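Below you'll find the structure, written out as structure tokens, and then a few comments.
The values are calculated or read from the model by the stated rules, or taken from the named source; none is laboratory data. All figures in this text were calculated on a predicted structure; none of them were measured in a lab. Here the Cβ positions follow ideal geometry from the backbone for every residue, glycine too, while neighbour counts run over all protein chains shown. With ligands, DNA and RNA removed, areas are computed over all heavy atoms of the protein, side chains included. Shrake-Rupley method; radii C 1.70, N 1.55, O 1.52, S 1.80 Å.
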Amino acid sequence: MDSHSVRRTFSASANLVELLHVGSGTTNPLVQSSPQRGVVRSESGALPRAVSPLEAGPTADAESTPVHGSSRSARRDAREAFSQADVIDSGLARLHSFELPLSLADDVDDIDISLPLSEEYLLSKIQEVQYQLQQLREGRDGTAATPAASRQPGGRKRGRLFVVSNRLPVQLQFSGPHHSSRPKVLLSVSGLQSALRSLRSRFSIGWIGRLAQEQQLTPAQQQVARRVLATEHGYVPVFVDVDDGRLHRRFCNSILWRIFHYLPVGIEGERAFSIELWEAYQRVNAAYVDTMVGEYQEGDLFWVHDFQLMLVPQLMRARVHDAKIGFFLHTPFPSSEVYRILPTRRRLLEGILAADLIGFHTYDYARHFLSVCSRTMGLDTRPNGVDFRGSLVHIGIYPFSIDMTGFVKALHSRAVQLRQLKLRDDLFAGKRIVLGVDRLDYIKGIPHKMLAFEHLLEAHPEWIGRVILVQVAVPATGGDGMELVDEQANGDYSALRAEVDEMVGRINGRFGTVEEVPIVYRMMAPTFEELVALYSVADVAALTSLREGMGLMSYEYTVCQADRCGALVMSEFCGAAQSLPGAILCNPWSVEEVGEALHRALTMSPMEREIRHRKLYKYIQMHTAEHWAENIVSDLVQFTEQRRNYRRLDVETLLSACAAARRRLLLLDYDGTLAPLHNQPELAKPSPQLLRVLKRLQAAAPSTTVFVISGRERETLGRWLAGTGVGLAAEQGYAICWPAHLTHHPLREHSFRLGGADDEAPSAAAPVAAPPLRDSHGNVWTHPPFDFDPDAVAQAMRIAIEVMLRFEDATPGSFTHIKESSITWHFAAADPQFAYFQAQELRAHLEESLARTPLVVLSGKSIVYVRPRGVNKGNTARYILSQMQEQYPDVVLCVGDDKSDEHMFEACQQAATAAAPTDGMKAAAPPPRVFTCTVGRKGSVAQAFVERVDDVIECLERLAALTPSP
């Protein structure tokens with residue numbers, strides 16, 4: 001890049017800016033003409049910028065002719081401006097939204113391109129031009145709408161959104177403990193409130209939570225509170241027992257909050273887990289759900305917040321199956337090694353996994369959550385979701401932000417400007433200011449910051465007397481953060497306060513004088529104006545949190561530094577560290593590293609400070625609190641709409657069809673359909689209830705035929721289900737045990753031949769005779785006719801066994817299961833991440849070794865397996881239907897739960913469009929009416945779904961109760 005190319009870029013952009021103004025018939029309200037030719041000054045008195053010939057006019061006279069009457073040459077210049085601007089107007093520029101006046105193009109000649117950061121500085125200037133072009137285009141095209149309006153045509157409200165949080169931003173003051181007259185309403189301000197502002201154009205927003213007070217209200221006062229808050233503010237209060245509220249708060253802050261912030265908990269005492277605390281936590285969550293159910297109307301969205309309410313999604317889902325629920329965690333989520341300490345770890349995970357969407361601040365927090373789901377519960381995970389009980393729970397990353405408007409307005413207020421003058425010209429005159437604003441809490445790293453500042457003065461004595469650390473410690477006296485809920489917390493707080501006081505005194509005594517000290521320490525809760533003034537005069541902001549969800553002080557400081565471009569030093573353990581691209585990151589546990597980061601920030605060149613600050617400012621302006629809420633709610637709407645597209649099985653319609661049918665065929669998977677999935681497959685035995693239901697169904701033969709089609713071996717199926725009399729298909733149909741009423745009829749002379757391509761239907765051929773096999777339970781098993789060489793299969797199986805056993809030895813926790821027709825490598829009990837990579841390598845190795853054999857390599861839930869091509873549940877279903885000429889069904893019900901059942905669904909649905917097979921002697925029976933159903937709400941070729949295994953059993957019980965048709 002050279003100065004000439006940069007000047008051409010500025011010129012082209014400026015031409016397009018003016019042309020867009022003219023095309024829209026408007027002028028930019030941010031700029032006005034100056035008597036000086038070629039210069040436009042902003043109304044705020046900011047720096048001038050370059051002006052194109054279109055802006056300046058053809059002459060130097062201030063009363064120049066308008067652009068639309070310019071010469072042909074001017075119009076040619078305008079077209080060239082469009083062409084050049086299209087080249088530089090990249091998509092990247094549309095991501096930035098930083099509005100600062102443009103510098104003069106002539107200034108480019110004064111910049112030495114060979115200097116460090118100069119090219120990046122110039123590119124940042126170009127991006128500013130591009131942003132202004134984008135804004136002008138949107139204004140010309142009428143697309144400069146709010147995010148809410150752009151997502152919702154016409155601004156029409158779609159429905160209701162309920163925010164569900166631990167506390168409402170309101171307190172009520174009654175005139176007396178037993179008075180039920182109208183109370184005084186004290187509203188507070190929270191970041192969540194400002195985030196919801198843009199959503200009000202799309203939703204009617206309600207807020208469910210407890211009052212920000214612990215006093216017990218009488219029933220009459222509660223009734224008054226509900227009426228006043230609901231009608232005037234849209235708040236729905238939740239009232240819980242005072243003791244339950246206290247125990248719930250202790251469980252949240254002494255157990256959950258500490259573990260989520262990587263702090264130890266005790267095995268006894270007030271910070272130890274106890275059943276009493278856990279039961280109170282459950283009761284409070286249940287009270288929230290009672291309130292939510294009372295408010296619920298079809299189509300409502302519920303957005304649940306934070307670790308105090310982790311059971312709410314599951315409890316709500318149990319009572320309202322189709323509820324639309326999102327959950328957002330405002331704290332860090334710990335690694336699996338830390339989270340597994342919780343005795344109730346599974347219950348809490350199951351609680352939030354009932355939501356449609358789970359949001360986190362950063363990718364690290366989401367990654368830890370996915371790891372915990374995989375390691376603790378053995379769930380299948382993907383980068384953006386978790387497969388939980390047949391449903392995909394979406395995982396999203398949504399960094400929280402702030403509302404810039406209040407800070408920008410405050411910067412221009414007289415109260416803040418007076419404080420700025422006092423701080424800059426009086427109290428801290430001639431000093432470089434390092435600022436820290438933190439809650440006095442042991443995760444904020446205040447002692448670490450003090451030691452780092454001491455190291456700065458030791459290692460760089462030139463700063464003594466020239467730099468000052470202003471540390472504001474906000475007392476931790478309650479609220480939604482870390483509340484002091486037990487004596488141990490009070491003791492820790494007192495110890496921390498004493499430690500910080502001692503450090504301040506020691507460092508001031510060592511490096512200070514009678515007239516001045518290097519550390520100004522104030523324990524106070526500053527007013528908003530005081531906070532903005534401090535932010536605006538500081539040269540460096542330092543955040544040294546040991547663990548923090550976001551660290552929004554960094555956002556606030558950046559917004560207040562629009563003019564000074566202050567530097568930001570931030571702990572890498574803050575959530576915001578992954579979002580803010582211009583911060584100097586450091587490890588707060590390394591005093592030397594933090595001290596050197598402060599030195600670097602203090603000695604940074606003005607150009608680098610400006611570049612870094614612009615990156616920070618652009619990011620914050622693009623990712624506002626409103627933008628955060630818009631993204632989450634829009635994704636929640638999208639994912640819940642996808643989820644609601646899945647149709648629940650209409651059991652009444654199924655029962656009606658079966659009652660009217662002469663012949664019914666039930667094709668049922670076993671694991672995950674008739675019995676819950678189990679980490680130890682041998683423990684997934686059928687329940688007594690299931691055995692009774694299957695017997696009752698089979699007792700209706702020949703009007704009802706039942707087949708259980710499973711991947712299990714025939715010995716297991718025969719042992720478990722021998723007494724029911726139902727048909728069995730083991731190893732996905734490799735061996736079949738026909739029910740008694742079908743064995744009395746000869747098999748059709750024209751049968752299917754199983755084999756060939758795995759995704760094709762079997763070919764018609766004469767069946768190959770195979771001797772029947774009788775197991776120890778009296779079941780007679782036959783093999784369908786196959787279209788592959790048994791010797792080739794046996795040879796390929798030996799190769800596969802050898803490969804899988806090597807991987808079993810190399811992967812602790814895995815094992816190989818050898819069946820008659822398949823070999824399966826199980827890795828559910830192995831380390832999830834290591835096993836995942838091993839499974840990928842195993843599959844690649846097997847595919848290479850078995851490329852020209854009759855075996856196919858497949859993957860499933862924590863398994864890799866091989867089996868003969870063409871042996872699958874779909875072909876088995878076709879084969880069974882082909883053998884039922886005399887008993888061809890009028891209704892087919894097919895139920896399964898995983899990928900292997902998708903072939904079965906497809907085969908049954910194909911049967912619904914084709915007449916029954918016939919030997920030509922009789923007319924073909926009409927196609928059956930087919931019902932296909934998957935277990936779990938997920939994407940499937942099945943027509944419908946049921947939620948759980950229990951729903952399948954209940955449906956079968958109702959079918960068994962039908963009177964068989966004559």
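Numerical summary
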item	result
Solvent accessible area, Å² - Met797, 1.4 Å probe, full protein context	20
Over region 224-377, volume per residue of the alpha carbon convex hull, in Å³	119
Estimated vicinal HN-Hα couplings, Hz - region 586-600 in sequence order (Karplus 6.51, -1.76, 1.60; Gly, Pro = x)	8, 8, x, 7, 9, 4, 5, 5, 5, x, 5, 5, 5, 4, 4
Solvent-accessible area per residue, Å², over region 652-717 with all protein chains present [probe radius 1.4 Å]	41
Radius 12 Å from Cβ of Ala877, net charge of other residues (Lys, Arg +1; Asp, Glu -1)	-2
Shape call, region 220-273: gyration tensor on alpha carbons, a/c limit 1.5	oblate
For Trp781, solvent-accessible area (1.4 Å; no DNA, RNA or ligand), Å²	0
Average silhouette area of region 362-499, convex hull of alpha-carbon atoms, in square nanometres	14.2
Area of Val946 that stays accessible when all protein chains are in place (1.4 Å probe, Å², to 10)	10
Region 645-698, dipole about Cα centre (Lys/Arg Cβ +1, Asp/Glu Cβ -1), debye to the nearest 20	340
Approximate shape of region 799-884 as ellipsoid semi-axes (Cα gyration tensor, √5λ), whole Å, largest first	27, 14, 10
Debye intensity ratio in log₁₀ form over the Cα atoms of region 556-617, taken at each q of 0.21, 0.28 Å⁻¹	-0.81, -1.23
Nearest-20 debye value, region 370-468 charge dipole, Cβ charges on Lys, Arg, Asp, Glu	340
Tensor-based shape of region 840-922 (alpha-carbon gyration tensor, a/c under 1.5 rounded, otherwise prolate or oblate)	prolate
Accessible-area ranking of Arg160, Arg319, Arg283, Arg843, largest first, probe 1.4 Å	Arg319, Arg283, Arg843, Arg160
Entries of Lys324/Lys861; Lys444/Lys615; Lys184/Lys449 with Cα pairs more than 32 Å apart	Lys184/Lys449
List Lys444, Lys409, Lys422, Lys615, ordered by accessible area with a 1.4 Å probe, largest first	Lys409, Lys422, Lys615, Lys444
Cubic angstrom per residue, convex hull over Cα atoms of region 505-630	138
For Ala410, net neighbour charge (Lys/Arg +1, Asp/Glu -1) across residues whose Cβ lies under 12 Å away	-1
Tensor-based shape of region 200-250 (alpha-carbon gyration tensor, a/c under 1.5 rounded, otherwise prolate or oblate)	oblate
For region 766-837, size of Cβ-based charge dipole, Lys and Arg +1, Asp and Glu -1, in debye	140
Cα convex hull volume per residue for region 287-434 (Å³)	191
Mean-position separation - Cα centroids, region 862-909 and region 589-603, in angstrom	66
Region 403-444 and region 678-714: distance between their alpha carbon centers, rounded to Å	72
Orientation-averaged projected area, Cα convex hull of region 518-561 (nm²)	3.9
Pairwise centroid distance, computed over Cα atoms, of region 239-283 with region 724-739, Å	52
Solvent-accessible surface ranking, highest first, for Phe528, Phe307 at 1.4 angstrom	Phe528, Phe307
Which of Ala459, Ser413, Leu440, positive extreme of dipole for region 404-471 (C-beta unit charges)	Ser413
Dmax and Rg, reported as Rg then Dmax, of region 398-461 (C-alpha, Å)	16.3, 43
